[in-house]
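Below: one structure, written as structure tokens.
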Amino acid sequence: MFGLANPQRFMSFTGPLTPVLWVIAAVLLAIGTWFSFVAPGDYQQGDTVRIMFVHVPASTLGLGAYAALGVSSFFALVFRHPLADAAARAAALPGAAFTALALITGALWGQPMWGTWWVWDARLTSVLVLFLFYLGYMALRSSIDDEARATRAAAVLGLVGLINLPIVKFSVDWWNTLHQPASLLRAGGTSLDPVFLLPLLLMMAAYTALFLAVWLSSIRTEIVRRRVQTIRARMALDA
Amino acid sequence: MPDLDMSPYAAFVWPAWGISALVLGAVVARAVAASCKWKAELKRLEEDGA
């Protein structure tokens, strides 16, 4: 695992892996979408239950991507490893996109079921804070020209944001929220009916494969970008 | 066969799926475009003998 911290080894390992992940993501998305619309409507929620198949994976990956960003930030800050910094940077945009999708699809589910697009309850607010952490991370990185300083500042912010992850996860248990408690990952097993569990798991797997494909591809791009910058700097010195 | 009649919630279900497809498509397109751009730039520099 630590052998992959070498950028060259990372590039040769992920070169053939990334296209495989793109294909897996595309196939799982197609199958997951099919099963999402084959499943019957819920007896209480009707067809709005189909929003769950895009909302829950987006929320999960929004959290997962931030965990990747935070752990990578730790390695970037402590070990000053350029690959860790590239990994943190590459997780930010897809993570922000997944979190934005969780907020938007949540609002579209909330309006017909709760009668409101938004409430300032603990779950919704903590996910909004997560989204703001992503925006802050990306804004901070792009606002500092010196890459070393940008890396350190962004890594500190990335680490601070990790505090929010357990708050998002357990907000529905710690506070009285309009958002329902966990029904998939909870003590005592899932409370979901198998007809909804299959499409949900397929879509979760599809979103995970998609995130991994985008993440690895973006880390590889970041390595290439830095190589280009090094070559340009060397050429400028030689000139 | 898939059931595509979402009434009376079509105004909520389809936008949720549509926006998801749009945003995920944009994320993928951006990652692929950035990858192509920097690979092409590296190739150009290497061909220039850098």
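Every number in this text was worked out from the coordinates using simple rules, so none of it is lab data. In this text, all values refer to a predicted model and were calculated from it rather than measured experimentally. Cβ: placed from backbone, ideal geometry, glycine included. Neighbour counts: every protein chain shown.
So the values come out like this:
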{"read-out": "Kyte-Doolittle at least -1.0, axis length at least 27 Å by Cα - qualifying DSSP helices, chain A", "value": "A:7-38, A:52-78, A:82-114, A:122-143, A:194-238"}
{"read-out": "Neighbour-count ranking [beta-carbon atoms within 10 angstrom, fewest first] of A:Ser126, A:Ser191", "value": "A:Ser191, A:Ser126"}
{"read-out": "Fluctuation leader among A:Ala122, A:Ala68, A:Ala90 - chain A, Gaussian network, Cα springs under 10 angstrom", "value": "A:Ala122"}
{"read-out": "FRET efficiency estimate (nearest 0.05) - Cβ-Cβ, A:Ala239 to A:Val20, R0 35 angstrom", "value": "0.25"}
{"read-out": "Residue exposure sequence - A:Phe53, A:Phe35, A:Phe79 - by fewest surrounding Cβ within 10 Å", "value": "A:Phe79, A:Phe35, A:Phe53"}
{"read-out": "Label-point separation in nm, A:Val119 to A:His81, each point 7 Å along Cα→Cβ", "value": "4.4"}
{"read-out": "Angstrom value of the Kirkwood radius, inverse mean 1/r, which spans all Cα pairs in the stretch A:86-239", "value": "18.3"}
{"read-out": "Of B:Ala21, B:Met6, B:Leu45, farthest towards positive along the dipole that unit charges on Lys, Arg, Asp, Glu beta carbons give chain B", "value": "B:Leu45"}
{"read-out": "Residue-averaged [θ]222 nm for the protein assembly as shown, counting only DSSP H segments that reach four residues, each worth -39500 (n - 2.57)", "value": "-27500 deg cm²/dmol"}
{"read-out": "The protein assembly as shown, dipole about Cα centre (Lys/Arg Cβ +1, Asp/Glu Cβ -1), debye to the nearest 20", "value": "940"}
{"read-out": "Vicinal HN-Hα couplings computed from phi for the stretch B:15-24 (Karplus, 6.51 cos²θ - 1.76 cosθ + 1.60; Hz; Gly/Pro x)", "value": "x, 4, 6, x, 5, 4, 5, 5, 5, 5"}
{"read-out": "Gain in span if fully extended, A:Ile163 to A:Phe13, counting 0.36 nm per residue against the direct Cα distance", "value": "50.8 nm"}
{"read-out": "Residue among A:Leu69, A:Asn176, A:Ala86 farthest towards the positive dipole end of chain A, charges placed on Cβ", "value": "A:Ala86"}
{"read-out": "Furthest towards positive pole of dipole, A:Ile144, A:Trp22, A:Val56, structure part the protein assembly as shown, Cβ charges", "value": "A:Ile144"}
{"read-out": "Sum of side-chain charges, A:Ala122 neighbourhood, beta-carbon under 14 Å (Lys, Arg +1; Asp, Glu -1)", "value": "0"}
